[in-house]
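Remarks on the structure that follows.
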Amino acid sequence: MITRKRSAAGVCVLLAALTAGLVAFPAGAAADEPTGRDAPKVNLLLDVSGSMRARDIDGQSRMAAAKQAFNEVLDATPKEVELGIRTLGANYAGDDRKEGCKDTAQLYPVGPLDRTEAKAAVATLTPTGWTPIGPSLLKAADDLEGGNGSKRIVLISDGEDTCAPLDPCEVAREIAAKGIGLTIDTLGLVPNAKLSRQLSCIAEATGGTYASVEHQDELTDRVNELVDRAAEPVVTPVATEGADACAKAPTLKSGLYTDREEFGQQRWYRVDVLAGQELRASVSVGADRAMNPNHGVLLRAVTVHGREIVRGEAAGNGRTDVLSTGLRYPKPEREDDDGKPAAETVCLAVTHSFSAGAGVKTTPGLPLELTVDVVDGPDGASDVASFGLGRGWWLLGTLVLAGFLAGLLWGWLSRWRFAVWRTN
């Protein structure tokens, strides 16, 4: 009996292996990474206001902890990263708010790192004045202008901005709206709810991260992680500006694009698709400020004459900060062979139904990221859906055939086992 069970099990394993061998296929090669990129740039933006004197980080002052963390970060900075240090509130100790809100300076310029010189500059810092986060962010962004490499600001603060009405969140949105691919990460040195909200808002506006740190080693590890992240290869979206009609829209090639879309607005883009090619497009709209619940995103592919070809749509209820959808449009091969087939212009229309909460500014518009990919189309592009299976019909047929053969074999084994039992 044991021998018969092992035989049946062996046959099943053989069938499973055969099926796996039939359906397995090699993964496609990854696309080549982009070359010719400039060196990644990081600007460390440190709060040196008077509150940094407080001694509540591992028995030392916040300023001393920040200095120690910076020294360790400077030692660990990858050689390919151009790093700079900017301060806010380091020089003016007076009571004139207007002067205090101008108090930001580049302590060490963004460029190839001289560790000894940078450490000497950090050693001179003394907690002094105000907390002009908004004005400092604008200056820190200017420090990173130029080049096509990744750009990152790491803001470290222990208090809220003291230069209202210039809202740091609005400043961050304006920086993001420039489309220069700059990310702002924020670190809070005090577990304060109001500070957390402000720093989170700044980070979210540019796709960055926020974290609260209460120990010197946590600060060191987090800043090191963000500097290392800047050195990782990334695809920087290309800034574009959609139009209010297809006829005026920019023509896009395969790539990643960023734009801003106002509330109640529709943005149009154009893509040329040759016969035998397939257009794959996706769009993501980010809610970088307080939004009302229940919203949606719609992406449509339309002919230049206004006929809708295909659409993708998604709805949300406010539980996520990003809403995404996509579509595919295969253009069939031409039957005639009269030279190179002409391209069809496909219009992509992006619409969203986000609405701002009470008292929330509606400008600039919400960040939009559009991915366009024009590839060789599948076989039989006129019926690419295949009832939702795409090219999976052959896989389904293989599985059905394998199941049928397995059933026949199992039935034969069962009859043989029954015959042996009757004989015995």
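The values are calculated or read from the model by the stated rules, or taken from the named source; none is laboratory data. Note that the structure is a prediction, hence the values are computed from the model and not measured. All Cβ positions, even for glycine, are placed from backbone atoms using ideal geometry, and neighbour counts span all protein chains on display. For accessibility, only protein heavy atoms count, side chains too; no ligands or nucleic acids. Shrake-Rupley method; radii C 1.70, N 1.55, O 1.52, S 1.80 Å.
Answer yes or no: is there a residue in region 39-47 that is part of a loop (DSSP other than H, G, I, E, B), touching a Gly at 6+ places or on another chain (Cβ under 7 Å) and without any contact (Cβ under 8 Å) to a residue 60 or more places away in the chain.
Within region 39-47 (the criterion being part of a loop (DSSP other than H, G, I, E, B), touching a Gly at 6+ places or on another chain (Cβ under 7 Å) and without any contact (Cβ under 8 Å) to a residue 60 or more places away in the chain), the answer is no, since none of the residues qualifies.
Of all residues in region 285-311, those satisfying the criterion of being buried (at least 16 other Cβ atoms within 10 Å of the Cβ) and either under 15 Å from GLU262 (Cα atoms) or among the charged types (D, E, K, R) (or both) are VAL285, GLY286, ALA287, ASP288, ARG289, MET291, HIS295, VAL297, LEU298, ARG300.
Looking only at region 203-228, residues that are more than 25 Å from LYS67 (Cα to Cα), among the polar types (S, T, N, Q) and open to solvent by 30 Å² or more (accessible area, probe 1.4 Å) come to 0 in all. Listed by position, the strands (runs of 3 or more DSSP E) contained in region 201-320 that have at least 2 residues being assigned by TED's automatic domain parsing to the domain that holds ASP58 are 210-212. Restricting attention to region 102-123, the residues that are in contact (Cβ under 8 Å) with a residue 60 or more places away in the chain and among the hydroxyl-bearing types (Ser, Thr, Tyr) total 0. Take the residues in region 229-242 that are surrounded by fewer than 16 Cβ atoms within 10 Å (Cβ to Cβ) and not β-branched (Val, Ile, Thr); name whichever of them is farthest from LYS41 (Cα to Cα). Step by step, filter region 229-242, then rank; the result is GLU241.
Does ARG280 satisfy being surrounded by fewer than 18 Cβ atoms within 10 Å (Cβ to Cβ) and under 20 Å from the mean Cα position of the chain (by Cα)? Answer is yes for this residue. Exactly one residue among LEU113, LEU88, LEU138, LEU144 is closer than 17 Å to ASN71 by Cα and not polar (S, T, N, Q), and that residue is LEU113. In region 353-376, of all residues being part of a loop (DSSP other than H, G, I, E, B) and more than 22 Å from the chain's Cα centre (by Cα), the one that is nearest to PRO237 (Cα to Cα) corresponds to THR362. Of all residues in region 377-406, those that are among the small types (Gly, Ala, Ser), in a loop (DSSP other than H, G, I, E, B) and either surrounded by 12 or more Cβ atoms within 10 Å (Cβ to Cβ) or modelled with pLDDT of 85 or more (or both) total 2.
GLY207 meets all of the listed conditions (1) on the phi < 0 side of the Ramachandran plot; (2) modelled with pLDDT under 90; (3) touching a Gly at 6+ places or on another chain (Cβ under 9 Å) but one, namely (1).
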